[in-house]
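Report on one structure; see the data block that follows.
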Amino acid sequence: MVRRNIEIKLIANKSYRHTTFTKRRKGLMNKTEELCRASDSEGIVISFSDAGNCYCLGHPDIGSVLHRYLGEEERVRGGEEAEKIMGDALESGEWAEAAKGLGLDGLDRFYAELENVSRKLEALAAALS
């Protein structure tokens, strides 16, 4: 059986596009986790759906891999309530829910961390362009 090259283009039917995204996202995340386990390496996958939902997978965890890639020091995640909530929000994609219950000081730290991540992602996107 010969493999054929297919043209990569936008799938016009929104329902088919969503189904394809879901299947390929799951496959990509499974392969990433399999590679990391087999080669004792670290990896991260972040994808956003058309609806704006964020899906993340990190091995061993998202926070440590992201901080390492962005060149930040390894952070201790138990001490800061806002930092723990930020990591949970990255994993679940539920930013609004993550901010509920924080005090004013925690919200300030949460907002500052969001701005910091946003700036670094914009710089990374600009560097990749």
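Grab the other residues whose beta carbon is less than 14 angstrom from that of Gly43, score K and R as +1, D and E as -1, and report the net.
Values: positive: Lys31, Arg37, Arg68; negative: Glu33, Glu34, Asp40, Glu42, Asp61.
The answer is -2.
Can you tell me the length gained on complete extension of the stretch Tyr16 to Ser49, counting 0.36 nm per residue apart and subtracting the Cα distance? Before the final figure, lay out the partial values.
Details: separation 33, 0.36 × 33 = 11.88 nm, distance 1.32 nm.
Roughly 10.6 nm would be gained on extension.
How compact is the range 11-60 by the rule of thumb for globular proteins, expressed as Cα Rg over 2.2 N^0.38 Å? Please list the in-between numbers first.
Details: Rg = 12.6 Å, N = 50, 2.2 N^0.38 = 9.7 Å.
Against the compact-globule rule of thumb, the ratio is 1.30.
Mind giving me the nanometre distance, one decimal, between the label points for Ala123 and Arg25, set 7 Å out from Cα along Cα→Cβ?
Distance between the two pseudo-spin positions: 2.9 nm.
Arranged by the count of other C-beta atoms within 10 angstrom, fewest first, what order do Val2, Val65 take? Please list the in-between numbers first.
Working: Val2 3, Val65 18.
Lowest count first: Val2, Val65.
Here, each number is a calculation from the coordinates, and none is a lab measurement. The structure presented is a predicted model; accordingly, all values stated were derived computationally and were not measured. Here the Cβ is made from the backbone with ideal geometry for all residues, glycine too, and neighbour counts use every protein chain on show.
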